[in-house]
Amino acid sequence: MQHQDRFDTLGRLEDLPQDYRDELTRKNLVPLWPSLRAVLPPGVPARKTQATHWSYAALKPLLLKAGELTPIEKAERRVLVLANPGHGLEKMQASAAMYLGMQLLLPGELAPPHRHTPNAVRMVVEGEGAWTLVNGEKCPMHRGDLILTPTGLWHEHGHDGTQPVIWLDVLDLPMVYYMEASYHVEGPSQTVQAGEGVKSYARGGLRPSPVFERSNQAYPMLRYPWFDARAALLEMASDAACAEAVQVTYVQPETGADAENILGFYALMLRPGQTLRLPARSPAQVFHVIEGRVQANVGDSSFVLEEADTCCAPGYEAVTLTNCQSDQASFVFIADESPLHRKLGVFENRG
Ligand code: 1HN
C-alpha cells in the first residue's frame, strides 16, 4: 500500500454508531480522524483569507457619511473596517492576523486617549492638520506618514485643520483577540512632552550615542515621515547595485528589528512600467498604494489599485505587482505577518 492510499481513507463521523457519538459529546470528547484532514491538509494550508480589493473612491463617501451620521462621541474611533469576506465580515479581519480600517477625523474632533494590547499603526491617506499623541509625543499626520501605536502605549487623536483627515489603521487585533489577550484601558489626556524620535534617527547608519546614558526605549521612533521613506527609495533606485526590488522595512532604529512585534511594515517603489513578482511566502500581505497606480495579481484575482486603494493576499500565494504608470514611479505600503511567522517558526518562502 502506498502512503498516499493509506491517507486517503480516513473514517467519517457518520461511520460511527449514533449512541457512541452521543456519549462522546456528553463527555466533551471528539474523535480526531474525521477532522484530521481539515486541520492538517496536505501540502498547503487551508486559508480563509481571500484576495480582496477595497477601492478608496468607493469607500470614502461612505466614511464621510459616517461623519454626518455618527458624532465622534458616539464612535470613539470612527472607522469603516476593511473586512475580508472569506473570514465573514462580522469577524472584522483582513487576514488571520491583520485588521484594517479607514478612520475619519473631522476638524476640531478629539478621539479620546486609551491604550490597548493589540499593536496598531496608522498610514495617513488624506488631509492635513491632524495629530496623534503617543505616550506624550505629538506626531503630526501628513500623507504617507507611518505612525506607530505599539502595544500598551497611550494614544489619542486630534485635528486642528479645516478638512477631513483619513488614515488607514493596521492592527494585529485578530491575532491578539484569538489569544484572548485583547483589552483596552481608558486614560486621562496626556501632556505633550518635548522630543521627536525621528529627529534622533534622521540619517541611516548613524545612531545617537549619548555619552552618559542610553535611553533603552522599546519604541524610540514612533513616526516615520513619508518624506524620508520616499527619499530613501528614490536614492536606492538611483544606485546601479539596486537592480530589482526597491524596498525598505520600517524598523526599530536601535536594534534593526521590525518596528512592531507581530506585523511587518514596508515601503516598495515600482519603477515606471516595472513588474515585480513577489515570492510565495507563508504570511498574508496587505498592499496600499501611497502614490501611483498598480496592478496586483494574486492567484486568479487581478486588481487595479488606484491611489489610496488597498488589497490583501493570502499567504502561500505569489503576488505580481505591475506599475501601471510608464512614466512615473509608483509607491506601495505593505503590511504582512512575517514577524509573527518568523517568531513562531512557521515562516516559509516557497519561491
Ligand atoms: C484603535 O484603538 C484605533 O486608536 C483605531 O485609532 C482602530 C480598531 C480596533 C481596536 C482599537 C485608534 C482600532 C482601535
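The values are calculated or read from the model by the stated rules, or taken from the named source; none is laboratory data. Everything quoted here is computed from the prediction, not taken from an experiment. Here Cβ is always computed from backbone atoms with ideal geometry, including for glycine, and neighbour counts include all displayed protein chains. Ligands, DNA and RNA are excluded from the accessible area calculation, which covers all protein heavy atoms including side chains. Shrake-Rupley method; radii C 1.70, N 1.55, O 1.52, S 1.80 Å.
Things worth noting here:
- Helix content alone sets the calculated 222 nm mean residue ellipticity of the chain: runs of n ≥ 4 DSSP H residues at -39500 (n - 2.57) each, divided across all residues, give -4500 deg cm²/dmol.
- Note: the stretch 225-351, Cα convex hull, 112 Å³ per residue.
- Value of relative contact order over the chain, rounded to a whole percent, pairs C-alpha under 8 Å and six or more apart: 15
- Most to least accessible of Glu307, Glu317, Glu213 (protein chains only, probe 1.4 Å): Glu213, Glu307, Glu317
- Helix 226-237 axis, angle to the chain major axis (alpha carbon atoms, nearest 10°): 80
- log₁₀ of I(q)/I(0) at q = 0.11, 0.17 Å⁻¹ - the stretch 77-156, Debye sum with one point per alpha carbon: -0.31, -0.74
- Alpha carbon centroid spacing (whole Å) that separates the stretch 306-351 from the stretch 15-51: 33
- Placing unit charges on each Cβ (+1 for Lys and Arg, -1 for Asp and Glu) gives the chain a dipole about its Cα centre, and among Ala232, Pro41, Thr132 the Cα reaching farthest toward its positive end belongs to Pro41.
- Within-14-Å neighbourhood charge of Met92 [Cβ basis; K, R +1; D, E -1]: 0
- GNM top mover of Gly158, Gly43, Gly204 - the chain, alpha-carbon springs below 10 Å: Gly43
- Kirkwood Rh and Cα Rg combined as Rg/Rh, the chain: 1.02
- Assigned charges on the beta-carbon of Lys, Arg, Asp, Glu; the chain dipole about Cα centre (debye): 380
- Counting Cα-Cα pairs of the stretch 183-287 in 5 Å increments starting at 0 gives whole-percent bin shares of 2, 8, 16, 19, 17, 16, 10, 6, 4, 2, 0.
- The count of lysine pairs in the chain that are at least 8 places apart or cross chains, and whose C-alpha atoms lie under 24 Å apart, stands at 8.
- For His184, net neighbour charge (Lys/Arg +1, Asp/Glu -1) across residues whose Cβ lies under 11 Å away: 0
- Charge dipole (debye, nearest 20) of the stretch 197-293; +1 at Cβ of Lys and Arg, -1 at Cβ of Asp and Glu: 140
- A simple count of charges around His142, restricted to other residues whose Cβ falls under 15 Å of its Cβ and scoring Lys, Arg +1 and Asp, Glu -1, yields -2.
- For the chain, built as a Gaussian network whose Cα springs stay under 10 Å, the top-fluctuating residue of Phe331, Phe265, Phe212: Phe212
- Accessible-area value, Asp309, 1.4 Å probe, nucleic acids and ligands omitted, Å²: 10
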